[in-house]
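As structure tokens, the structure follows; a few thoughts come after it.
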Amino acid sequence: MEISGHFRMRDHKVGFVTSLGFLFGISVALVAYIGSSYFREATGVENVGLFYVVIFSLLLVCLLNLHRIFLWFGRSRTLLFLLCAQIVILSALAALPVGPWGAFFLILYYALYGVIWVVWDSVLEAYSSDEQTGRIRGMFLSVWGFGAIIGPLLSLSLLERYGYGLIFSLVLGLYAVMLVIALITLREIKGAIDHHVFALRDTVHRLWSNQALRRVYWVAISLSFSAATLVVFIPLKLRDLGFEWSEMGLMFTIMLLPFVLLEYPAGVLADRKYGEKEIMFIGFVILIVAIFFMAISQSRSFVVWTAILTLSRVGYALIESMRDIYFYKQIDGSDVALINLFRTARPVAYILSMITATIFGILFGQGAIFFVLTVVILIGLYPVVRLVDTK
């Protein structure tokens, strides 16, 4: 399979996983920015960070056991089962009124989405050679991002008119299409798996004793801490400032464009010209500047907030692509235990983020959360400086 001009897929299986990622990106973005508002409305609880602590605690438990599940059922069957489970959960969300039961099923939805992302990741890595990792990863993230930019504009515009039920129905339809495609083609995707079952302590030791892996894991923690805070609290802040859902949908669509425009070119540059470290450092500096402006801005200007949010995603896109490229150049696709452990950075960071946000929100108010985030990302620069570029 060929992608115009600059990229030739090494295997049609990579093309399949990447293409399916487009639908997954739309489904994720449709729900990503409505969760905090849904939890607040469904339960009356203002401090919604507690719900995300539960979500990512569940995800963490699942990821720590995912290697065993792969060995029992294989990657294909695992992914098919997860897609079926999401269809059941989304059917409940579409049918139920906004309330405690809806909040329960939304918790399950978010937890399983995180597991599905890692399963997809593992399948893709099985067919990525080191010399093409940057291009394959960059293309996957760009295609996923292209799907993701459609979601916010659609979901937040529809939310204003029709409520949450229609959004969950649309996501349900997308999962049904993904399941049909997966049933037809997924049997071709196998890939070697390391059949050694490492104890968690041993896997942690393997990661921690490798300086490159240890440092990029800390980068992943910092980046996911940022993502958790922004996804949960930016919609709440913008709503408190008086923005309508339709305005926010357009903002979020524009801000996601860097994921489409930057991640693939950044991957090519990392493979051919510049090191991952330099691009990652630039991304961190840009993200820190953007988060600082989020912390101090009380503007009600659509243009100002769109510019701030887009700047943050420029930094995020550069870091995300380099994080994945750097990590996957250190391992191969058979090392599922390390891949799964690396992906625990996201739930660990979300748990830490929500606990931190809850404490500082209670003590100093919601605005303090963004200042805390600025400090966390500044700390994340240290392991980036210590990274050694891959050859």
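Of note:
Condition check ((1) aliphatic (A, V, I, L, M); (2) not in a helix (DSSP H, G or I)) across all residues:
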| position | (1), (2) |
| --- | --- |
| VAL289 | yes, no |
| ARG300 | no, yes |
| TYR316 | no, no |
| GLU320 | no, no |
| SER353 | no, no |
| ILE359 | yes, no |
| ILE362 | yes, no |
| ILE369 | yes, no |
| LEU373 | yes, no |
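- For segment 277-296, the count of residues that are within 17 Å of the chain's Cα centre (by Cα) and closer than 19 Å to ALA29 by Cα is zero.
- Residue, nearest to the chain's Cα centre (by Cα), within segment 299-325, restricted to residues that are touching a residue at least 60 places away in the same chain (Cβ under 8 Å) and under 18 Å from LEU213 (Cα atoms): GLU320
- Looking only at segment 171-226, residues that are more than 22 Å from LEU352 (Cβ to Cβ) and either modelled with pLDDT of 65 or more or not in a helix (DSSP H, G or I) (or both) come to 32 in all.
- Odd one out for GLU263, checked against (1) among the charged types (D, E, K, R); (2) more than 22 Å from HIS67 (Cβ to Cβ); (3) modelled with pLDDT of 85 or more: (3)
- So ILE339, is it in a helix (DSSP H, G or I) and in contact with a Gly (Cβ under 9 Å, 6 or more places away or on another chain): yes
- Where a residue in segment 230-241 is closer than 12 Å to GLY35 by Cα and in contact (Cβ under 8 Å) with a residue 60 or more places away in the chain and its partner, wherever it lies, is charged (D, E, K, R) and part of a helix (DSSP H, G or I), with Cβ under 8 Å and at least six apart: LEU236/ARG40
- Unmet criterion (only one of (1) over 30 Å from GLU41 (Cβ atoms); (2) over 19 Å from the mean Cα position of the chain (by Cα); (3) not in a loop (DSSP other than H, G, I, E, B)) for MET248: (1)
- Qualifying residue in segment 323-331 (condition: assigned to a helix (DSSP H, G or I), of a type in the set (A, V, I, L, M) and surrounded by 19 or more Cβ atoms within 10 Å (Cβ to Cβ)): yes
- Of the helices (runs of 4 or more DSSP H) lying entirely inside segment 47-162, those containing at least 1 residues that are surrounded by fewer than 20 Cβ atoms within 10 Å (Cβ to Cβ) and either touching a strand residue (DSSP E or B) at 6+ places or on another chain (Cβ under 8 Å) or modelled with pLDDT of 90 or more (or both) span 49-64, 66-95, 100-125.
- Within segment 273-284, considering residues that are without any contact (Cβ under 8 Å) to a residue 60 or more places away in the chain and part of a helix (DSSP H, G or I), the one surrounded by the fewest Cβ atoms within 10 Å (Cβ to Cβ): ILE282
- Those residues of segment 34-46 which are outside any loop (DSSP other than H, G, I, E, B) and under 17 Å from the mean Cα position of the chain (by Cα), in sequence order: GLY35, SER36
The values are calculated or read from the model by the stated rules, or taken from the named source; none is laboratory data. Since we're looking at a predicted model, the values are computed, not measured. Note: ideal-geometry Cβ built from the backbone for every residue, glycine included; neighbour counts use all protein chains shown.
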